[in-house]
Amino acid sequence: MRKVRRRVGRVNNYIQGKIESGEALHFTLIDPDKVENEEWLRKVASIAANAGTDAFLVGGSIGVSESDVDATVKVLKEFKLPVILFPGNVTGISRFADAILFMSLLNSDDPYFIIGAQVLGAPIVVKYGLEALPTAYIIVGYGGAAGYVGRARPIPYDKPEVGAAYVMTAELLGMKYAYLEAGSGAPKPIPPEFVKTVAKYRNRITLIVGGGIRSKEQARELIKAGANIIVTGTLIEKNPAKVTDIIAAIKRK
Ligand code: 1GP
């Protein structure tokens, strides 16, 4: 196995610097399987970048090949924002990205998604010299394709104490990020009360919340509840103007 020097810390420092200065962050998720063509991708990415999104996440649960991820990452790199991989499986790794959410789907019933895929992916991450952001991926409520494919046992929206226990576990295991995921296209985002309970029991872990966020009110409530980073995916494909609204709303103090 070939070892390459990793670009340690650059993206993490960028994110943590913003959080420490009191900023709420927004990530725009691009699913390489949904990219129509490069022209379309440049169009939606420039809307997100102009609106002030803080980074691009690249990933999806189904139909994602490494060459699709490479092509998507290369275009997104034109926008001078961090491009972070959000892999659904080992094919979600690209040498051209700035960092990877190195995730374990903690509430999967299948060891493959907890540690198996990670063992297959780690040598590739090291070979490509990617910065890894150690992340607990926790599926809540609806779950969507990520929950189905990842064989998750989603945490009910009205059981935030279970979510808090997972986030505590992640933190005790040394993970730096916890991604509370309702699933792409979720009819309702994770309730703010859920995030509030989780946030109450976390120490320093950075909370990412995504899935079903469609309005600036929802985004603001989630930030108020304790989320550090809001992720929207579907919206940039369906209603890009709303992404602009959401970013403006969460950046307003
Ligand atoms: C999915 O959390 C993200 O992984 C984004 O979800 O597509 O519903 O915005 P949406």
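The values are calculated or read from the model by the stated rules, or taken from the named source; none is laboratory data. Model, not experiment: these values are computed from the prediction. Every residue, glycine among them, receives a Cβ derived from its backbone with ideal geometry; neighbour counts consider all protein chains shown.
Per-structure values
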| item | result |
| --- | --- |
| Matching residues in region 120-149 - criterion: being among the small types (Gly, Ala, Ser) and either touching a Gly at 6+ places or on another chain (Cβ under 8 Å) or assigned to a strand (DSSP E or B) (or both) | Ala132, Ala136, Gly141, Gly143, Gly144, Ala145, Ala146, Gly147 |
| Residue within region 174-185 that is at positive phi and of a type in the set (Lys, Arg) present | no |
| Residues being of a type outside the set (Lys, Arg), touching a Phe, Trp or Tyr at 6+ places or on another chain (Cβ under 9 Å) and part of a loop (DSSP other than H, G, I, E, B) - total across region 150-174 | 4 |
| Count of residues meeting criterion [of a type in the set (D, E, K, R), out of contact with any Ser or Thr (no Cβ under 8 Å at 6 or more places or on another chain) and at pLDDT 95 or above] in region 219-250 | 3 |
| Region 203-225 - residue that is crowded, with 17+ Cβ neighbours inside 10 Å and in a loop (DSSP other than H, G, I, E, B) and, of those, farthest from the ligand (Cβ to nearest atom) | Ile205 |
| Matching entry among Tyr142, Tyr148, Tyr112 (being within 15 Å of the ligand (Cβ to nearest atom) and surrounded by fewer than 16 Cβ atoms within 10 Å (Cβ to Cβ)) | Tyr148 |
| Matching entry among Lys18, Lys74 (being away from the ligand (no atom under 15 Å from the Cβ), basic (Lys, Arg), farther than 14 Å from Ile93 by Cα and part of a helix (DSSP H, G or I)) | Lys18 |
| Test: Ala71 is modelled with pLDDT of 95 or more and surrounded by fewer than 19 Cβ atoms within 10 Å (Cβ to Cβ) | yes |
| Filtered residues of region 21-34 (kept if within 14 Å of the ligand (Cβ to nearest atom) and either assigned to a loop (DSSP other than H, G, I, E, B) or on the phi > 0 side of the Ramachandran plot (or both)) | Asp31 |
| Among the candidates Ser46, Ser67, residue that is in a helix (DSSP H, G or I), among the polar types (S, T, N, Q) and under 29 Å from Lys216 (Cβ atoms) | Ser46 |
| Every pair of residues 6+ apart whose Cβ atoms lie under 6 Å, when the first sits in region 98-113 and is within 9 Å of Thr135 (Cα to Cα) and modelled with pLDDT of 95 or more while the second is surrounded by fewer than 20 Cβ atoms within 10 Å (Cβ to Cβ) and not β-branched (Val, Ile, Thr) | Phe102/Pro134 |
| Identity of the residue in region 226-244, of a type outside the set (S, T, N, Q) and more than 14 Å from the ligand (Cβ to nearest atom), that ends up farthest from Ala55 (Cα to Cα) | Gly226 |
| Tyr128 surrounded by fewer than 23 Cβ atoms within 10 Å (Cβ to Cβ), within 30 Å of Ser46 (Cβ to Cβ) and in contact (Cβ under 8 Å) with a residue 24 or more places away in the chain | yes |
| Restricting region 154-185 to residues that are within 15 Å of the chain's Cα centre (by Cα) and farther than 18 Å from Asn228 by Cβ, the residue that is surrounded by the fewest Cβ atoms within 10 Å (Cβ to Cβ) | Gly185 |
| Matching residues in region 1-44 - criterion: being touching a residue at least 12 places away in the same chain (Cβ under 8 Å) and aromatic (Phe, Trp, Tyr) | Tyr14, Phe27 |
